[in-house]
Every structure is written in structure tokens, then in C-alpha cells.
Amino acid sequence: MQPSRQEAALPNLGGIFARVLQRVAEEQRPLLIAIAERLAAERYRGWAKDPTQADHAPQLLACARREEEIAARVESLFPGASAIQQEMLAKNPDFMEINQTVFAGLPLPEQFRIQAQGERLGAATWRALARKEESRVAREVYLACAELEQASAVVLEAML
């Protein structure tokens, strides 16, 4: 099946973030993803403040809370998570820029499409991590994160 014209024009989030994830040790990748979740929460809060999105602000803020919850759950699995994340960012200073440039200059509907794609990709990533995880606790956390990602994707897709 061929992607639609709109889908074809969207950035390849999987490819973009796969290149960044490869720079980090496999066992620490969930922590890098948690950083991306917190950045997504900021993006949702920014969208919620946009006057053109006043009708959707409660849903967008709920998405922001889900992103923060995902990050907190994942970080809880790693002792010293904050220090590890700071070190990752220091070694990969372009991560913040990459995250911003994906959305830069695009109209809100396109940003929502990209974010929805990111939520679906995130859900698939958490499920893949859960399949490989030996710890029952971590498996359950990753599967719960996948459900939270899906819920946000549904919200965004309903807004389009």
C-alpha cells in the first residue's frame, strides 16, 4: 500500500530517532526515549496554550500528562536516571535540536500528524522493549507506556 501524499511528506521519525538511539547503549535507550517523552509533554502544553486550540486544550493537556507519566515510569526503573540522562544529552547535544527541527515551521495539523506518528512509533517501541525485557516489572511498565502512547495517538488523530 502506497503512503498518502500527506504521509509521504512527513518526516521519517523512525529513521530519525533510530539514528539517535544507536548512539546510546541499548540498555539505556529507554532513558533517552523518556527524555523525548518529556519534550513531547512540553510540545503538548505549548499547543494547549495556542488560542486556536482552545477547544482541544483539555485533551492536549491530558496528552502532556500521559507523556510525563511515561517518562516517570521508565525513569523509575533506572537508579540514577537523571544523571544518566544528563550524560546522554551531554554526549548528544544535537538531540534537542533534532527534536525541535522535526516540527519547525509546520502548520499545527502537520505537527499533530507527526506527533500521532510518533505516539504510534512509541507504542511499538515500548512493546518491542517489553518483549525483550527479562524483568516482569519492566515488562509491565513498558506495556503500560505503550497503552498511554496509543491513547495520545487516538486523541491527535481525532483532532485531524
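The values are calculated or read from the model by the stated rules, or taken from the named source; none is laboratory data. For clarity, every value in this text was computed on a predicted model and none was experimentally measured. Reconstructed Cβ throughout: ideal geometry from the backbone, glycine too, with neighbour counts over all protein chains shown. Side chains included, ligands, DNA and RNA excluded: accessible areas come from the protein's heavy atoms. Shrake-Rupley method; radii C 1.70, N 1.55, O 1.52, S 1.80 Å.
Just to verify a result, which residue in segment 121-138, among those that are out of contact with any Phe, Trp or Tyr (no Cβ under 8 Å at 6 or more places or on another chain) and surrounded by 17 or more Cβ atoms within 10 Å (Cβ to Cβ), is nearest to S76 (Cα to Cα)? Only one residue tops the list, namely A138. Quick check: is even one residue across segment 101-110 at pLDDT 95 or above, touching a Phe, Trp or Tyr at 6+ places or on another chain (Cβ under 9 Å) and open to solvent by 70 Å² or more (accessible area, probe 1.4 Å)? No, there is no match, as no residue in segment 101-110 is at pLDDT 95 or above, touching a Phe, Trp or Tyr at 6+ places or on another chain (Cβ under 9 Å) and open to solvent by 70 Å² or more (accessible area, probe 1.4 Å). Checking each residue in segment 123-160 for being part of a helix (DSSP H, G or I), within 17 Å of L21 (Cβ to Cβ), more than 15 Å from the chain's Cα centre (by Cα) and of a type in the set (D, E, K, R) picks out R131, K132. Residues in segment 139-151 that are in contact (Cβ under 8 Å) with a residue 40 or more places away in the chain and closer than 23 Å to F78 by Cβ: V141, Y142, A144, C145, L148, E149. All of (1) at pLDDT below 95; (2) loosely packed, with under 13 Cβ neighbours inside 10 Å hold for F95 with one exception: (2).
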